[in-house]
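Presented below is the structure to which this report refers.
The values are calculated or read from the model by the stated rules, or taken from the named source; none is laboratory data. Only a predicted model underlies this, so the values are computations on that prediction, with no experimental measurement involved. Cβ placement follows ideal geometry from the backbone for every residue including glycine, while neighbour counts extend to all protein chains displayed.
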Amino acid sequence: MAWTGKEGGMKRAVILAAVLLAGCAISTKTYDSDGREAYIVNCSGVALSWSECLDKAGKLCGQRGYVVLNEQEGGYPYTPGGMGDSRRMKIRCTDSDTP
């Protein structure tokens, strides 16, 4: 399957549109400084915002809630949106005995 010519350009455009419109944050399990389980929630990209990070954190922790340990925001120099396209936060779900 060739990715050249008019048909190849259309395939690339469809794939790019699907990626940009996917609009979901991703998470990675990690640990905080005292060894408790935590998550890095990444909502980077021009199609996403901090609200996707907050939604993902809420889904990860549910009714337990969560504590934001760290937030980072920056820009990718080669994206249409410029500054603010890189967003991530580190969270820890709260335990029933830890507010």
Across the stretch 34-64, what is the total count of residues that are aromatic (Phe, Trp, Tyr) and modelled with pLDDT under 95? 1
Specify the residue that is farthest from Gly74 (Cα to Cα); the eligible residues are those in the stretch 27-62 that are part of a loop (DSSP other than H, G, I, E, B) and of a type in the set (Ser, Thr, Tyr). Ser33
Breaking point among (1) out of contact with any Phe, Trp or Tyr (no Cβ under 9 Å at 6 or more places or on another chain); (2) modelled with pLDDT under 90, for Arg12: (1)
Within the stretch 65-74, can one find any residue that is at pLDDT 80 or above and not in a strand (DSSP E or B)? yes
